Amino acid sequence: MGALLFYLIYVCFTLYYLLLLIVYGHPDFGPIISGYIGFIFLEAAYISVGVLISSTTKNQIVSGIATLLVLLFFWIVGWISNYFNNLTVKNVLSYLSFLNHFQDFSKGIIDTRHIIFYITVIWFNLFLTVRLIENRKTIN
């Protein structure tokens, strides 16, 4: 929660640009608001993956590099799916892509399928993190 709160405070600094848009133009608030919502879900999913990987190792550098590699995989898996001819593999890999779920948010579309995807990813990673920590406590 602390990492997410830090991130949300960091995102609040971008509201200055929204204020500039309001003063000097007439922005469409639909894509802006849905973009913020999607970006918050995306970053919460990233943070949950990082917390899970961080709970598996005691070394911060290994944790950081592993998190970077896993998130890089989920970032490019949508592009990798284009190289498969098998439709099932293509659809599964495309569904796993975090960015494919974010695209509708950036267009102003708030789809519950994408929200459920992000909430499921967040819940699953935090669930596994809690289980790993509980198992570590019982072993010691």
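Each reported figure results from applying straightforward, stated rules to the coordinates on display, with no laboratory input. As the structure is a prediction and not an experimental result, all values here were calculated from the model. All Cβ positions, even for glycine, are placed from backbone atoms using ideal geometry, and neighbour counts span all protein chains on display.
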**OP:** Could you grab the relative contact order for the chain? Cα pairs under 8 Å, six or more apart, rounded to a whole percent.
**Re:** 31 percent
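Would you mind finding the longest exposed-site-free stretch of the chain, with exposed trypsin sites (Lys or Arg not before Pro) meaning DSSP loop and at most 14 other Cβ atoms within 10 Å?
1-57
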Original post:
Hey, in the GNM for the chain with a 10 angstrom Cα cutoff, which one of Leu71, Leu96, Leu87 fluctuates hardest?
Top reply: Leu87
Original post:
In the neighborhood of Phe41, defined by Cβ-to-Cβ distances under 14 Å, what is the net charge if each Lys or Arg adds +1 and each Asp or Glu adds -1?
Top reply: -2
Original post:
Ranking His101, His114 by Cβ neighbours within 10 Å, fewest first, what do you get?
Top reply: His114, His101
**OP:** For the chain, return all DSSP H helices satisfying: extent of Cα atoms along own axis at least 27 Å; mean Kyte-Doolittle hydropathy at least -1.0.
**Re:** 29-56, 60-80, 112-139
Subject >> Computed [θ] at 222 nm, deg cm²/dmol, the chain (DSSP H ≥ 4; -39,500 (n - 2.57); rounded to nearest 500) >> reply: -28000 deg cm²/dmol
**OP:** Please work out the C-alpha center-to-center distance from region 113-128 to region 1-55 and express it in whole Å.
**Re:** 17 Å
Original post:
Could you name the lysines in cross-link range of Lys58, using Cα to Cα under 19 Å and dropping any fewer than eight places away on the same chain?
Top reply: Lys137
Subject >> Overall dimensions of the chain by Cα: Rg and Dmax, Å >> reply: 17.7, 61
Original post:
Setting aside same-chain residues fewer than 8 positions from Lys90, which lysines have a Cα under 16 Å from its Cα?
Top reply: none
